[in-house]
Amino acid sequence: MSDRLFIFDTTLRDGEQVPGCQLNTIEKIQVAKQLELLGVDVIEAGFPISSPGDFNSVIEISKAVTWPTICALTRAVEKDIDVAVDALKFAKHKRIHTGIGTSDLHIKYKFNSTPEEIIERAVSAVKYAKKFVEDVEFYAEDAGRTDNEYLARVTEAVIKAGATVVNIPDTTGFRIPFEYGEKIKYIMEHVDALSAGKAILSTHCHNDLGMATANTVAGVLNGARQVEVTINGVGERAGNTSLEEIAMIFKTHPDLNIETNINTTKIYQTSRMVSSLMNMPVQPNKAIVGKNAFAHSSGIHQDGVLKNAETYEIMDPKDVGIDDNAIVLTARSGRAALKHRLHVLGVDVDGEKLDSLYEEFLKLADKKKELNDDDILMLAGVERTRDHHIKLDFLQVTSGLGVRPVASIGLDIAGEKFVAASSGNGPVDAAIKALKVIIKRNMLLKEFTIQAINKGSDDIGKVHMQVEHDGAVYYGFGANTDIVTASVEAYIDCINKFRK
Ligand code: KIV
Ligand code: ZN
């Protein structure tokens, strides 16, 4: 008999903390529904006290999904818990995730406190949350660097106070798998309430040293029965453990006797949706969902795979939802084909939205003969920027060898038209300088990445930018067959976010 491993997805909380990857409530609902289809057990929907947007998202996600437990994060503070309880009022199954730092560093510098006082605060937060919800999870922040004996005492105390899950986060991604596994083992062996089945341990690993997945597996092999993960491993800094890796590790190793509820055939679709909504590209060699994850280029491998796929493939791409026969759409494809392909990719559009997307699709199909999934998701992403306050009206650039590039630009700002021109040391520089003649705000371009979606000189270029304004960094995205236009669109996308 296999042991059930609970999948706690924190894409919408820890994953969404990445600068520039913030989603609006509608996008979060879209992701939450997809996570429900994927079969996750718990969706961490936000940190309600942190902002009205997070509060609202927890409310709306609670209404939108049925089966998964909806979890809200809090500090070990009564006010946080009150707000989380309020945000969870529509959830069919609800959980409060409360906690406090337990490492010496956190106790001394963050809280100016003592280990005993921290246990008291942890216990009273759990008891307080327990007054409102049955399902309370406690996190011992920086557990990775917390002394094991003390961590076991904290775990014992919070379970006694009513915690049903105790989360052991390697917050800084510091531990190596052997150490993290030992930590989980130590707690399992020294907390009687765990062997008595009163609560389970959860892993929550960060990827700063590239060991999040390995640490999570070590945690599970030593007794943890919940894993906290994100789609594509998104998350602050180097990210969190990725859901798809954990699901496929236990699927491809049935001898480990660990079972999840994940419908793995929905993995690829979910990965594409999250990547597209967050404008966060998936690295091509990313395990399971990267573009090259199943692409065999060496002749020897190709020959082997053609004779028998198992010679070089440990998983069937179909098991993760990669469809070899993915249809390529062309200018002759109808609205229904576009709608169907978008649906397969996890984006549902209808009515006027579909009409305008179809128009954009035809324009792009005129420039590029064949449109693949990435092109189509890109179009769906561009569609979301339609209600921007500032829009690019036109852009004309002259550049080439031996001439100083010159750009003239037209912007539509809330319906009013503005025109300006400038020269620069390159076409993008000229275009951005022209834009700055109209938008006179203090802005500094911090990062600028250009990426081609596929190959071919007719391909779409995707531009990711980060612009600093008033001490905050804003993330923008643009995509166009004209790379200068894509760059200006990305810059404008950043500026449109200044106002929020
Ligand atoms: O990494 C961490 O410690 C966290 C906690 C808030 C659970 O995200
Ligand atoms: Zn975290």
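The values are calculated or read from the model by the stated rules, or taken from the named source; none is laboratory data. Predicted, not measured: the structure shown is a model, and the values here were computed from it. A quick note on method: Cβ atoms are made from the backbone with ideal geometry, for glycine too, and the neighbour counts reach across all protein chains shown. Side chains are part of the model used for accessible areas, which takes the heavy atoms of the whole protein and leaves out ligands, DNA and RNA. Shrake-Rupley method; radii C 1.70, N 1.55, O 1.52, S 1.80 Å.
GluC sites (Glu not before Pro), restricted to the range 115-197: which are DSSP loop and have at most 14 other Cβ atoms within 10 Å? Hits after loop and neighbour filter: Glu134. Listed by chain and number, the lysines whose alpha-carbon sits under 24 Å from that of Lys185, ignoring those within fewer than 8 places in the same chain, are Lys160, Lys198, Lys251.
How much of the accessible area of the chain, probe 1.4 Å, is carbon plus sulfur, in whole percent? Roughly 52 percent, rounded to a whole number. Dipole of the chain (Lys/Arg Cβ +1, Asp/Glu Cβ -1, origin at the Cα centre): which of Met378, Ala414, Gly39 lies farthest to the positive side? Farthest along the dipole direction, towards plus: Ala414.
Compared with the dominant Cα axis of the chain, that is its longest principal axis, helix 243-252 is turned about 70°.
The residue list Gly478, Thr330, Phe498 was ranked by how far each Cα lies along the charge dipole of the chain toward its positive end, using unit charges on Cβ atoms, and Phe498 comes out on top.
To the nearest ten degrees, helix 177-190 and the longest principal axis of the Cα atoms of the chain are 30 degrees apart. Can you return the aspartates and glutamates within cross-link range of Lys130? Criterion is Cα-Cα under 13 Å, with same-chain partners fewer than 8 residues away left out. The qualifying aspartates and glutamates are Glu78, Asp82. Per residue, the convex hull spanned by the alpha carbons of the range 355-495 comes to 116 Å³. Taking other residues whose beta carbon is less than 12 angstrom from the beta carbon of Cys71, and scoring Lys, Arg as +1 and Asp, Glu as -1, yields -4. Ranked by the mean number of other Cβ atoms within 10 Å of their residues, highest first, the peptides 121-128, 203-210 come out as 203-210, 121-128. Couplings 3J(HN,Hα) of the range 142-154, computed from phi: 6, 4, x, 10, 9, 4, 4, 5, 5, 4, 5, 5, 4 Hz, in residue order, whole Hz [Karplus 6.51 cos²θ - 1.76 cosθ + 1.60, θ = phi - 60°; x for Gly and Pro].
May I ask for the net charge around Ile438, where only other residues with Cβ less than 14 Å from the Cβ of Ile438 are counted and Lys, Arg are +1 while Asp, Glu are -1? Result for the local shell: +3.
Converting phi to 3J(HN,Hα) with the Karplus coefficients 6.51, -1.76 and 1.60 and the offset θ = phi - 60°, the range 422-439 yields 7, 9, x, 8, x, x, 5, 4, 4, 5, 5, 5, 4, 4, 6, 5, 7, 9 Hz in sequence order, with x at every glycine or proline. For the range 207-287, trypsin sites (Lys or Arg not before Pro) are listed when DSSP marks them as loop and at most 16 other Cβ atoms sit within 10 Å of their Cβ; the list is Arg237. Helix-only arithmetic for the chain: the sum of -39500 (n - 2.57) across DSSP H runs with n ≥ 4, divided by the residue total, places the mean residue ellipticity at 222 nm at -12000 deg cm²/dmol.
Take every DSSP beta bridge whose two residues both sit in the range 3-277; close to 5 percent of them are antiparallel. Rounded, prolate or oblate, given the Cα gyration tensor of the range 253-381, with a/c below 1.5 counting as rounded? It comes out prolate by the Cα gyration axes. Inter-part distance, the range 73-131 to the range 200-227, computed on C-alpha centroids, equals 22 Å. Here's the list of aspartates and glutamates a cross-link from Lys446 could span, going by alpha-carbon distance under 12 Å and ignoring same-chain residues fewer than 8 apart: Glu468.
If one takes the longest principal axis of the Cα atoms in the chain, at what angle in degrees, from 0 to 90 and to the nearest 10, does the Cα axis of helix 52-64 lie? That helix lies at roughly 80 degrees to the long axis. Simple rule: put +1 on each Lys or Arg Cβ and -1 on each Asp or Glu Cβ in the chain, find the dipole, and look at His206, Ile314, Phe90; the Cα lying farthest toward the positive end is Phe90. Exceedance of the 27 Å cut-off in Cα-Cα distance is limited, within the set Lys33/Lys89; Lys94/Lys291; Lys307/Lys462, to Lys94/Lys291; Lys307/Lys462. Packing order of peptides 423-432, 485-494, 40-49, 303-312, highest average first: 40-49, 485-494, 423-432, 303-312 (average count of other Cβ atoms within 10 Å over each peptide's residues).
Taking trypsin sites (Lys or Arg not before Pro) across the range 372-438, the ones in a DSSP loop with at most 11 further Cβ atoms lying within 10 angstrom of their Cβ are Arg386.
In this structure, the amide hydrogen of Lys446, modeled 1.01 Å from its nitrogen in the peptide plane, lies closer than 5 angstrom to those of Gln466, Val467, Glu468, counting only residues at least 5 positions away or on a different chain.
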